[in-house]
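Asker: One structure follows; several queries about it will come next.
The values are calculated or read from the model by the stated rules, or taken from the named source; none is laboratory data. Values in this document were obtained by computation on a predicted structure and should not be read as measured data. Neighbour counts run over all protein chains shown; Cβ positions are idealised from the backbone, glycine included. What goes into the accessible areas is simple: the full protein's heavy atoms, side chains included, and nothing from ligands, DNA or RNA. Shrake-Rupley method; radii C 1.70, N 1.55, O 1.52, S 1.80 Å.
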Amino acid sequence: MDEPAREIVAFDFDGTLTIRDSLTAFLKWRAGARAYRRALLSMGPQFAAYLSDRDRGRLKEALLVRLVAGEAREALVADAERFAEQVFERFIRPDALEAWNDWANAGVERVIVTASPALTVAPFARRLGAERLIGTRLQVDLNDCLTGRLRGENCRGAEKVARIRAAYGEDVRVLAAYGDTSGDREMLAISEMPGYRVFRRRP
């Protein structure tokens, strides 16, 4: 007898569960405002290319190469933990957290599906009690140091759906999905109850 399809609810992270983009906030916090600004100013060619290719993954790589390439993965993990500890209470939207907890009370598996690196979102996911985290993966070298490059695709758009199905199977039931940008459109489209920009409150 066939097993029933897995049932989940999928939440985007940045701008949906949180009030702002967590990766840029983390990188600025870690590098300092001046170094972060220098990194952005050096990315003129990448911003120009983005106007035609709209490839957010390349922009993300360009920034990561400038700010974390060569860093030990373990050090970034530790910094991500400290960052989450400092900002969690003022980053998470109260109305999103209420919906998050309501789904937990209903016994539904909650999944964060984010374009931000899973490595930097993981401390937030643990604090929220997420059953699973699906995020962009970062490449490391043989010494377990970050290269600044992505491992695989940037987890947005169609890649979010592909990663959900890879984790749960083609017949997964997405009872609800929440997002706030065009990068969530495909994930919302496969859900039975799509929620686009439904969370507005700030801590």
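Asker: Could you go through segment 103-111 and let me know if any residue there is charged (D, E, K, R), under 20 Å from R201 (Cβ atoms) and surrounded by fewer than 18 Cβ atoms within 10 Å (Cβ to Cβ). Break it down into steps so the answer makes sense when it comes.
Answerer: First, the residues of segment 103-111 that are charged (D, E, K, R): 109-110.
Checking the rest, the ones that are also under 20 Å from R201 (Cβ atoms) come to 110.
Retained after the next criterion (residues that are surrounded by fewer than 18 Cβ atoms within 10 Å (Cβ to Cβ)): none.
No, segment 103-111 contains no residue that is charged (D, E, K, R), under 20 Å from R201 (Cβ atoms) and surrounded by fewer than 18 Cβ atoms within 10 Å (Cβ to Cβ).
Asker: Okay, moving on. If I go through segment 15-27 residue by residue, how many of them are in a helix (DSSP H, G or I) and crowded, with 17+ Cβ neighbours inside 10 Å?
Answerer: Filtering segment 15-27 down to residues in a helix (DSSP H, G or I) leaves 22-27.
Applying the additional criterion that residues be crowded, with 17+ Cβ neighbours inside 10 Å yields 22-23, 25-27.
The total comes to 5.
Asker: Also, quick follow-up: So in segment 179-191, with the set limited to residues that are open to solvent by 20 Å² or more (accessible area, probe 1.4 Å) and not in a helix (DSSP H, G or I), which one is farthest from A10 (Cα to Cα)?
Answerer: So the residue we want is T181.
Asker: So, in segment 61-70, exactly how many residues are within 20 Å of R34 (Cβ to Cβ), touching a residue at least 24 places away in the same chain (Cβ under 8 Å) and surrounded by 17 or more Cβ atoms within 10 Å (Cβ to Cβ)? Can you show your working first?
Answerer: Residues of segment 61-70 that are within 20 Å of R34 (Cβ to Cβ), as a first pass: 62-70.
Okay, now just the ones that are also touching a residue at least 24 places away in the same chain (Cβ under 8 Å), so 63-70.
Retained after the next criterion (residues that are surrounded by 17 or more Cβ atoms within 10 Å (Cβ to Cβ)): 63-68.
Counting residues in segment 61-70 that are within 20 Å of R34 (Cβ to Cβ), touching a residue at least 24 places away in the same chain (Cβ under 8 Å) and surrounded by 17 or more Cβ atoms within 10 Å (Cβ to Cβ) gives 6.
Asker: Within segment 39-54, can you find the residues that are open to solvent by 30 Å² or more (accessible area, probe 1.4 Å), in contact with a helix residue (DSSP H, G or I) (Cβ under 8 Å, 6 or more places away or on another chain) and without any contact (Cβ under 8 Å) to a residue 24 or more places away in the chain?
Answerer: Of the residues in segment 39-54, the ones open to solvent by 30 Å² or more (accessible area, probe 1.4 Å) are 40-42, 44-54.
Narrowing further to those that are in contact with a helix residue (DSSP H, G or I) (Cβ under 8 Å, 6 or more places away or on another chain): 40, 42, 46-47, 49-50.
Across segment 39-54, the qualifying residues are L40, Q46, F47, A49, Y50.
Asker: Go through segment 129-158 residue by residue and tally those that are hydrophobic (A, V, I, L, M, F, W, C) and under 14 Å from the mean Cα position of the chain (by Cα).
Answerer: First pass over segment 129-158, keeping only residues hydrophobic (A, V, I, L, M, F, W, C): 130, 133-134, 138, 140, 142, 145-146, 150, 155, 158.
Going one step further and asking which of them are under 14 Å from the mean Cα position of the chain (by Cα), we end up with 130, 133-134, 138, 150, 155.
Total satisfying the criteria: 6.
Asker: Where the second residue is in a helix (DSSP H, G or I) and of a type outside the set (G, A, S) and the first is open to solvent by 20 Å² or more (accessible area, probe 1.4 Å) and lies in segment 116-143, which pairs have Cβ atoms under 7 Å and are six or more apart or on separate chains?
Answerer: What qualifies is L119/L76; L119/V77; R127/F88; L133/V121; L138/L119; V140/R73.
Asker: Residues that are in contact with a helix residue (DSSP H, G or I) (Cβ under 7 Å, 6 or more places away or on another chain), closer than 27 Å to R165 by Cα and at pLDDT below 95: does segment 18-30 have at least one?
Answerer: no
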